[in-house]
Amino acid sequence: MKLHKLLVPVDFSRCCKTAYNYSKLIAKNFSASLYLLHVVDKRHVEKIAEVNGESEDEVSKKLSLQARKNLERFLANNDSEGLVAEKIIRVGIPFQAIALRAQELGADMVVMGGHGRVGNGEIDKIFFGSAAERVVRLLPCPVLCVPQEDVDTETREKEKL
């Protein structure tokens with residue numbers, strides 16, 4: 001098995017950081033490239049536009065610009081080690097945008113957090129499933145779903161070194 005392209009959805013959560021660290025390990029071992037994707041949730045754009053009286057296009061541009069800055073900051077704080085081939089910002093429904101970009105890219109694997117910034121709300125999970133679960137159902141390529149590392153686990157691992 002050979003992995004060339006890993007798609008890594010980034011929502012700037014702690015869980016996402018853990019998934020990103022796993023993706024770097026995999027990329028190094030397989031000499032693969034990382035494609036980072038942040039999805040500005042279209043539903044949030046619609047609500048903000050409605051509340052602020054702005055057009056959805058204006059709100060999308062502002063949120064996309066902020067997301068680009070956050071992505072650059074995320075990479076500055078989490079060494080990319082030259083593995084990142086592309087940084088992508090999309091507006092859409094997160095699980096759909098992730099699945100679509102993975103297909104467009106011809107991704108060999110998606111590496112993502114088990115739950116991100118929205119959290120792990122039980123009501124959403126019961127009725128809709130998590131974004132990760134939905135991506136798994138939509139894609140033919142493997143999806144590595146990484147849980148958030150426990151702070152105590154991280155501390156114990158560092159102490160072992």
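Assuming 0.890 mPa s and 25 °C, estimate D for the range 1-67 with Stokes-Einstein, Rh taken as the Kirkwood radius over Cα pairs, in µm²/s. Roughly 178 µm²/s, to the nearest whole number.
For the range 1-44, the fraction of 1.4 Å probe accessible surface lying on carbon and sulfur atoms is 51 percent.
Using only the C-alpha atoms, the convex hull of the range 1-117 corresponds to 97 Å³ per residue. Legend: residues TYR35, TYR20, sorted from most to least accessible area (1.4 Å probe; ligands, DNA and RNA excluded), read TYR35, TYR20. Taking amide H positions as modeled 1.01 Å from N, with prolines and chain starts lacking one, the residues under 5 Å from LYS5 and 5 or more places away or on another chain are SER33, ASP108, MET109.
The values are calculated or read from the model by the stated rules, or taken from the named source; none is laboratory data. What you see is a predicted model; the values in this text were computed from it and never measured. Accessible surface areas use protein heavy atoms only, side chains included; no ligands, DNA or RNA. Shrake-Rupley method; radii C 1.70, N 1.55, O 1.52, S 1.80 Å.
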